[in-house]
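Written out below as structure tokens is the structure these notes cover.
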Amino acid sequence: MKLTHVRLLVVNFEACFRFYRDVMGFEASWGDETSGYADFEVGEGTALALFGRQAMADVVGMGGTPLEAECQDRAMLIFGVDDLEAAVARLKAKGATFVRDIEDHPDWGIRTAHLRDPEGTLIEINSPLPQEEWAEGLREESRKYEEG
């Protein structure tokens with residue numbers, strides 16, 4: 001079994017399509033702003049899909065349930081980049097608003113920045129920290145896997 005797509009179920013398809021095309025810079029390999037379904041190539045063999053939330057609810061027999069409900073985030077899209085500062089600057093120049101600016105996480109071994117798409121989906125952009133900047137506990141755990 002192989003993961004082929006992450007599909008976001010959205011209410012405002014057009015706004016989300018434009019966000020992933022124009023702000024995030026992904027090329028649509030299927031669909032357009034009005035198609036109700038779209039695939040974006042986001043990396044080698046990986047796709048991000050958008051589909052109307054109501055249409056998917058109808059398919060799985062949940063069409064009568066509310067589309068909106070308050071809850072904590074249940075999913076996050078994560079994109080790795082080589083130069084986090086440049087990626088954040090490029091996204092801000094295209095109108096993206098970040099909920100957390102760049103932060104180092106030595107316990108995780110990465111630097112992160114977080115933003116949301118027009119539907120509120122949490123997105124993390126990250127890049128690796130040099131190993132010498134990792135927390136000692138992470139370096140120790142990494143050695144276990146390398147010896148493994």
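Rule-based calculations on the coordinates, nothing more; no lab input. In this text the structure is predicted, and so the values were computed from the model without any measurement. Virtual Cβ from ideal backbone geometry, glycine too; neighbours counted across all protein chains shown.
Below, the figures for the structure above:
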{"read-out": "Of PRO66, PRO128, PRO118, the one that fluctuates the most in a GNM where the chain has Cα springs shorter than 10 Å", "value": "PRO66"}
{"read-out": "Cα-centred dipole magnitude for segment 1-64, charges only on beta-carbon of K, R (+1) and D, E (-1), debye, nearest 20", "value": "260"}
{"read-out": "Gyration tensor (alpha-carbon) shape descriptor, segment 1-64, a/c threshold 1.5", "value": "oblate"}
{"read-out": "Distant-in-sequence amide H partners of HIS105 (H built 1.01 Å from N, under 5 Å)", "value": "ILE110, ARG111, THR112"}
{"read-out": "Stretchable slack from ALA75 to ALA89, in nm (0.36 nm times residue separation minus alpha-carbon distance)", "value": "2.6 nm"}
{"read-out": "Fewest-first sequence of ASP32, ASP82 by Cβ atoms within 10 Å of each Cβ", "value": "ASP82, ASP32"}
{"read-out": "FRET efficiency for ALA135 and ASP22, using Cβ-Cβ distance with R0 set to 35 Å, rounded to 0.05", "value": "0.40"}
{"read-out": "Per-peptide average of other Cβ atoms within 10 Å, ordering 56-63, 69-76 highest first", "value": "56-63, 69-76"}
{"read-out": "Net charge dipole size for the chain [Lys, Arg +1 and Asp, Glu -1 on Cβ; Debye, nearest 20]", "value": "460"}
{"read-out": "Structure-based [θ]222 nm, the chain - -39500 (n - 2.57) summed over DSSP H runs of at least 4, per residue, nearest 500", "value": "-6500 deg cm²/dmol"}
{"read-out": "Helix axis angle, 136-147 relative to the chain longest principal axis, alpha carbon, degrees", "value": "80"}
{"read-out": "Efficiency of FRET between ARG7 and ASP104 - r from beta-carbon atoms, R0 30 angstrom, step 0.05", "value": "0.40"}
{"read-out": "Nearest-ten-degree value, helix 84-93 long axis tilted from longest Cα axis of the chain", "value": "30"}
{"read-out": "Hydrodynamic radius by Kirkwood, which averages 1/r over all alpha carbon pairs of the chain, in angstrom", "value": "17.2"}
{"read-out": "FRET E, pair TYR145, TYR37, Förster distance 35 Å, beta-carbon r, rounded to 0.05", "value": "0.35"}
